[in-house]
Amino acid sequence: MSFYSVDSIYEEIVVINKSKFITTLIPIESQEDAQKNIEIINKKYSDATHNCYAYISNEIATEQRFSDDGEPQGTAGIPMLEVLKKRKMYMTLAVVTRYFGGIKLGAGGLVQAYSSCVANALNNASIVENVMSHLVEIKTNYSQYKKLEEIIKNQNGEIINIIFDEDVIISAIISLDDYKKAEENIIDFSLGQAKIEIKNTKYNKFRRGEK
């Protein structure tokens, strides 16, 4: 249960047959967020020939939108969206801005240009994996916490925070697939002394998912 998204805004420029293509990838939280960012790009590149876009704005890929913005129907938005779907890039907006350079690319050339712009930008952008996981708090003592850190990391978990007080409290995210084994190892090592509490369960970003 996972998908990918861009970790931060990324922009890339290429020239294809004298036309300049600017690809902007933006992490988004909702359809409204996507539309706000599209408006920002439209204002930023208001003199461009086209500002085509595609996005998937929820975690289960049911909210999908695209626009050819004046390019021949089916030559820009849909090819861009297909790249996002193939890569499982959700909660992500892709905008490809074109400054026409005087040479027509034809329908096939446009499809290739817009899809390759998005694909190449994704290859170079910072990507994270969003995994359905538990956020847990583990209360332990000073003699055991280092080993518990190691157990969490060995089960592909990520340490979010550590509080050193009377006890040590470790906050970590652990995927649903890895949680049972991690819990067993923590209990076994600590002889049941470590206390584990699940704080929430949702999609969390794992930087180890960078592609």
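The values are calculated or read from the model by the stated rules, or taken from the named source; none is laboratory data. Treat the numbers as computed from the prediction; the structure is a model and nothing was measured. Neighbour counts are summed over all protein chains in view; Cβ atoms, including those assigned to glycine, are modelled from backbone coordinates with ideal geometry. Remember, those area values only see protein heavy atoms, side chains included, never the ligands or the DNA or RNA. Shrake-Rupley method; radii C 1.70, N 1.55, O 1.52, S 1.80 Å.
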Quick calc: nm separation of the 7 Å Cα→Cβ label points for Asp33 and Asn124 -> 2.5 nm
Normalise the Debye intensity by I(0) for region 52-137, one equal point scatterer per Cα, no solvent, then take log10 at q = 0.14, 0.17 Å⁻¹ and round to two decimals. -0.50, -0.69
Heavy-atom accessible surface of the chain: percent carbon and sulfur, 1.4 Å: 48 percent
Kindly provide the trypsin sites (Lys or Arg not before Pro) of region 17-121 that DSSP labels as loop, not H, G, I, E or B, and whose Cβ sees at most 16 other Cβ atoms within 10 Å. Lys18, Lys88, Lys104
When the helix-only estimate is applied to the chain (DSSP H runs of n ≥ 4, each -39,500 (n - 2.57), divided by the residue count), what is the mean residue ellipticity at 222 nm, nearest 500 deg cm²/dmol? -10500 deg cm²/dmol
Once you place label points 7 Å from the Cα toward the Cβ at Lys199 and Glu63, how far apart are they in nm? 2.5 nm
Return one whole number: the accessible area per residue of the chain in Å², for a 1.4 Å probe. 51 Å²
In percent, what relative contact order does region 2-62 have, based on Cα pairs under 8 Å that are 6 or more apart in sequence? 26 percent
Near Lys88, which lysines are there with a Cα under 22 Å away, not counting those fewer than 8 places off in the same chain? Lys202, Lys205, Lys211
Average projection area in nm² (convex hull over Cα atoms of the chain, one quarter of hull surface): 13.1 nm²
Restricting to aspartates and glutamates and to Cα separations under 17 Å from Lys181, and discarding same-chain partners fewer than 8 apart, the set is Glu137, Glu149, Glu150, Glu158, Glu197
By how many degrees, 0 to 90 and rounded to 10, does the Cα axis of helix 77-86 deviate from the longest principal axis of the chain? 30 degrees
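Output the relative contact order of region 82-211, whole-number percent, from Cα pairs under 8 angstrom with separation of 6+ residues.
Result for region 82-211 is 33 percent.
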Under a cut-off of 18 Å between alpha-carbon atoms, report the lysines in cross-link reach of Lys43, not counting same-chain residues fewer than 8 places apart. Lys20
